[in-house]
Amino acid sequence: MIDTTFFGTILQQKMTEICGYSVASEEQLFREFNDLSNSKRQACWQALATQIGRTPNQVKDFYYNSWTKQFSADPAKYQDELMFLIRKLQLFCSEDNLVRSVCHQFTESHSLENFNAKTLNKFVRKLMGCPESSSSQSFSEHSSSVRLIVFENLE
């Protein structure tokens, strides 16, 4: 496991090398890093991987799946709004596209906030009653439980 504080420190060092200046905070580091071109980010993954003894994919996965979560809003704070979107979009979306549509519309309406895509997707699936491991399964396998949850909450 990569230490989050250590990762932030070495990412900041690498950004200083790339950009020629130091950023004031980890949040600014997050924003600046996301603004880099793909080729510069790839170079960072490679350099950081060499420095900490991991593969570039492991470093990239840690960045997106762990380190960046500290800058993401908690979707649980928006549970009522997400349930409303689930009920609303269920009428217009195929069951296979419902999770994606809910997440897309929600992030569009909250464009000034940052949400971790995997966390949001997982939370929406939880609200819909899908098992956590359902990401590899078809949503239609869970449609009956979703209908019960959605319409149960309408009353």
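Here, each number is a calculation from the coordinates, and none is a lab measurement. Remember, it's a predicted structure, so these values are computed and weren't measured experimentally. As a convention, Cβ positions derive from the backbone with ideal geometry for all residues, glycine included, and neighbour counts pool all protein chains shown.
In the neighborhood of residue 48, defined by Cβ-to-Cβ distances under 10 Å, what is the net charge if each Lys or Arg adds +1 and each Asp or Glu adds -1?
+3
Note on the stretch 4-71: with charges restricted to the Cβ of Lys and Arg (+1) and Asp and Glu (-1), its dipole about the Cα centre is near 180 debye.
Overall, the ratio between the Cα radius of gyration of the stretch 1-120 and 2.2 N^0.38 Å, rounded to two decimals, is 1.28.
Could you please report the charge total around residue 114, scoring K, R as +1 and D, E as -1 over all other residues with beta-carbon less than 15 angstrom from its beta-carbon? Walk me through the numbers on the way to the answer.
Values: positive: 31, 69, 77, 118; negative: 26, 27, 32, 35, 74, 108, 113.
Once all neighbours under 15 Å are counted, the net charge is -3.
Building the convex hull from the alpha-carbon atoms of the stretch 4-71 and averaging its projection over directions returns 4.0 nm².
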